[in-house]
1. Of the conditions (1) part of a loop (DSSP other than H, G, I, E, B); (2) under 30 Å from residue 48 (Cβ atoms), residue 118 satisfies every one except a single condition; which number is it?
2. For residue 90, indicate whether it is modelled with pLDDT of 50 or more, part of a helix (DSSP H, G or I) and either in contact with a Pro (Cβ under 7 Å, 6 or more places away or on another chain) or over 25 Å from residue 37 (Cα atoms) (or both).
3. Could you pull out the residue among 135, 83 that is modelled with pLDDT of 80 or more and at positive phi?
4. When you check residue 114 against the structure, is it more than 17 Å from residue 16 (Cα to Cα), polar (S, T, N, Q) and outside the structural domain of residue 15 (by TED's automatic domain parsing), yes or no?
5. Filtering the stretch 121-155 down to residues that are under 15 Å from residue 51 (Cα atoms) and free of Cβ contacts under 8 Å to residues at least 60 places away in the same chain, which residue is surrounded by the most Cβ atoms within 10 Å (Cβ to Cβ)?
6. Got a sec? Which of 33, 48 is among the β-branched types (Val, Ile, Thr), out of contact with any Pro (no Cβ under 9 Å at 6 or more places or on another chain) and farther than 17 Å from residue 64 by Cβ?
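The values are calculated or read from the model by the stated rules, or taken from the named source; none is laboratory data. What you see is a predicted model, and the numbers here were worked out from it, not measured in a lab. All Cβ positions, glycine included, derive from the backbone under ideal geometry; neighbour counts span all protein chains shown.
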Amino acid sequence: MEMLYDAYVDDIFRYLMFRIRDKEKALDLTQEVFVRMWQSYLGKGKDVEFPKALLYRIAHNLLVNSYERDVHHSSLDTLSEAGFDIADNSQDISKTIIASDLNQMLGLIEKKDSDLILLRHIEGFSVKEIADIHGVSENVISVRLHRALAQLEDLYNKKEKNE
């Protein structure tokens, strides 16, 4: 369990920080993710084939169950202050959208869509891994990602016209 914790604690914390503004709550939820992993799987001797995907699924479920009404996107500055850098692959979303614009625009689209974009383009998960986390088919995730990215592009284009 210690190896899993060391390998994924920063990733799980960053995932949670993108969704809530309170660093202490994100830290608490991060700890809860690993406690639940232990209680439900590892402590019972169950073998976990894809621990990373399971940890993200537990984190996602905790957010949905505990903070659905209070979820807010944290600023990228808050994450940097906390010592976490955004992965370089965030540039895959659009070469022209800078990080601050992206953060602002993610707050303008539906939370379920922004979560998919963050998992895919910030956390670097594959479509299959995201489908496993959300318990839906890869096709559903692909379609939702395509639509969410189209929304971001539309928002960016509208912003550019107004500037």
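1. Answer for residue 118: the failing condition is (1).
2. On the way: modelled with pLDDT of 50 or more: no; part of a helix (DSSP H, G or I): yes; either in contact with a Pro (Cβ under 7 Å, 6 or more places away or on another chain) or over 25 Å from residue 37 (Cα atoms) (or both): yes.
No; evaluated as a whole, the condition is false for this residue.
3. On the way: 83 fails: modelled with pLDDT of 80 or more.
Of 135, 83, the one residue that is modelled with pLDDT of 80 or more and at positive phi is 135.
4. Numbers: more than 17 Å from residue 16 (Cα to Cα): no; polar (S, T, N, Q): yes; outside the structural domain of residue 15 (by TED's automatic domain parsing): yes.
The answer is no for residue 114.
5. So, considering only residues that are under 15 Å from residue 51 (Cα atoms) and free of Cβ contacts under 8 Å to residues at least 60 places away in the same chain, the one surrounded by the most Cβ atoms within 10 Å (Cβ to Cβ) is 130.
6. Values: 33 fails: farther than 17 Å from residue 64 by Cβ.
Selected residue: 48, the only one of 33, 48 that is among the β-branched types (Val, Ile, Thr), out of contact with any Pro (no Cβ under 9 Å at 6 or more places or on another chain) and farther than 17 Å from residue 64 by Cβ.
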